[in-house]
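Some notes on the structure that comes next.
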């Protein structure tokens, strides 16, 4: 199991955008910017579905995702890969709604996507870019 460290948590908390990559059952890739997300636990990331049409179709057919985040200014970043589950009710969904409504009260989240992190890679520019870190 990969573990999200305190340093990674800081990058996640400072992220303006979560770049979320999925693929359909035939392997066709899709990448979208997601504005609302957070670290849920030491091995889970929560993403809020406001407009994820193709992404949700892909996740239902192929429940895996890669999520990249980076820190503005120093370009420190990480890619988190893992299995996903989709929730449309419960405490995680309620937290997703709370996050969105605090910023955009007119939006109505449809679901949350929970990424159970299996591996973590550095995306920081330099010699360690692409290196498995956890």
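The values are calculated or read from the model by the stated rules, or taken from the named source; none is laboratory data. Fair warning: this is a prediction, and the values are worked out from it, not measured in the lab. Glycine also receives a Cβ, built like all others from the backbone with ideal geometry; neighbour counts cover every protein chain displayed.
Quick notes on this one:
- Matching residues in the stretch 86-98 - criterion: being out of contact with any helix residue (DSSP H, G or I) (no Cβ under 9 Å at 6 or more places or on another chain) and either without any contact (Cβ under 8 Å) to a residue 60 or more places away in the chain or over 14 Å from residue 50 (Cβ atoms) (or both): 88, 89, 90, 91, 92, 93, 94, 95, 97, 98
- Only one entry of 9, 101, 16 meets the criterion of being without any contact (Cβ under 8 Å) to a residue 40 or more places away in the chain, farther than 20 Å from residue 134 by Cα and not in a strand (DSSP E or B), and that entry is 101.
- Test: residue 45 is at pLDDT 95 or above, surrounded by 13 or more Cβ atoms within 10 Å (Cβ to Cβ) and in a helix (DSSP H, G or I): no
- Counted residues, the stretch 101-134 - those being more than 15 Å from the chain's Cα centre (by Cα), under 16 Å from residue 38 (Cβ atoms) and buried (at least 17 other Cβ atoms within 10 Å of the Cβ): 1
- Qualifying residue in the stretch 69-83 (condition: assigned to a helix (DSSP H, G or I) and over 25 Å from residue 1 (Cα atoms)): no
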